[in-house]
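Presented below is the structure to which this report refers.
Taken together, the values in this text are just the output of simple stated rules run on the coordinates, not laboratory data. These numbers were taken from a predicted model, which means no experiment stands behind them. Here the Cβ positions follow ideal geometry from the backbone for every residue, glycine too, while neighbour counts run over all protein chains shown.
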Amino acid sequence: MASLFHFIFELIKISILGWIYSTILYFIFKEIPAKKKPEWCKKIFKTKKSIWIFTCLLLLFYMFTPYGNHGLGDSARIPISFSKAVSNVDWTEESTIDDVETKDRSNLQAKEFKIIDEIVCGKYNNFHFIYNSDKDKLEEFYTENEYNENAKLLDLPLSDELLSFKENYDEYWHNWRLFLLP
């Protein structure tokens, strides 16, 4: 039920953002000389309503891309790469890195982590890890010292710099993304 209410809220937000963006596009398009306007633009930007529909459809499409999907309802996610994300349900302490398994074949979980350029550094209880989603490579460390030594070599966050899921989510999705994207 929470997902449905959140989806309805997102549709309302998309219509408002679409109206704002379509107004800006309309005035920009009016300033372009008629001879320089591409034919496809003339069809789409014929009226302000058609610009609004076009903009809303683009925003709705973006919302369902891996970089626009921040979760609906009780679920939340932070993208790492185009195919991977850190997911959390009900804002619990534990987060799951999608489709990544540890050496013992369990899903990779984290209580604290930090994402730096498609690399996730994290810890779950006494287990530390560095996951490179670009190379799909997971390095596991069973002591904090071992992790910190490797993190220093790779210029990654140390274990005391890791954040909770909520702190990472706020850092990634708030600010300009909160107001300018669905």
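Quick one: Cα convex hull volume of segment 2-63, Å³ per residue? Show your work: numbers first, answer last.
Working: hull volume 4.4 nm³, N = 62.
Output value, Cα hull per residue: 71 Å³.
Where in the chain are the helices, taken as whole DSSP H runs, whose Cα atoms extend 30 angstrom or more along the long axis and whose Kyte-Doolittle mean reaches at least -0.5? Please list the in-between numbers first.
Working: long enough: 2-31 (44 Å, 1.25).
Span-like helices in the chain: 2-31.
Listed highest first by mean packing, meaning other Cβ atoms within 10 Å per residue, what order do 171-180, 150-159, 16-25 come in? Don't skip to the answer; put the middle values down first.
Numbers: 171-180: 11.4, 150-159: 14.1, 16-25: 16.1.
Packing proxy ranking, top to bottom: 16-25, 150-159, 171-180.
Subtract the Cα-Cα distance of residue 69 and residue 152 from 0.36 nm times their separation in residues, and report this length gain in nm to one decimal.
On the way: separation 83, 0.36 × 83 = 29.88 nm, distance 3.20 nm.
Between residue 69 and residue 152, full extension yields 26.7 nm more.
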Starting from the 7 Å offset along Cα-to-Cβ, what nm value, one decimal, do you get for the label separation of residue 134 and residue 28? 3.0 nm
Regarding the chain, what is the average projected area of its C-alpha convex hull, in nm²? 13.3 nm²
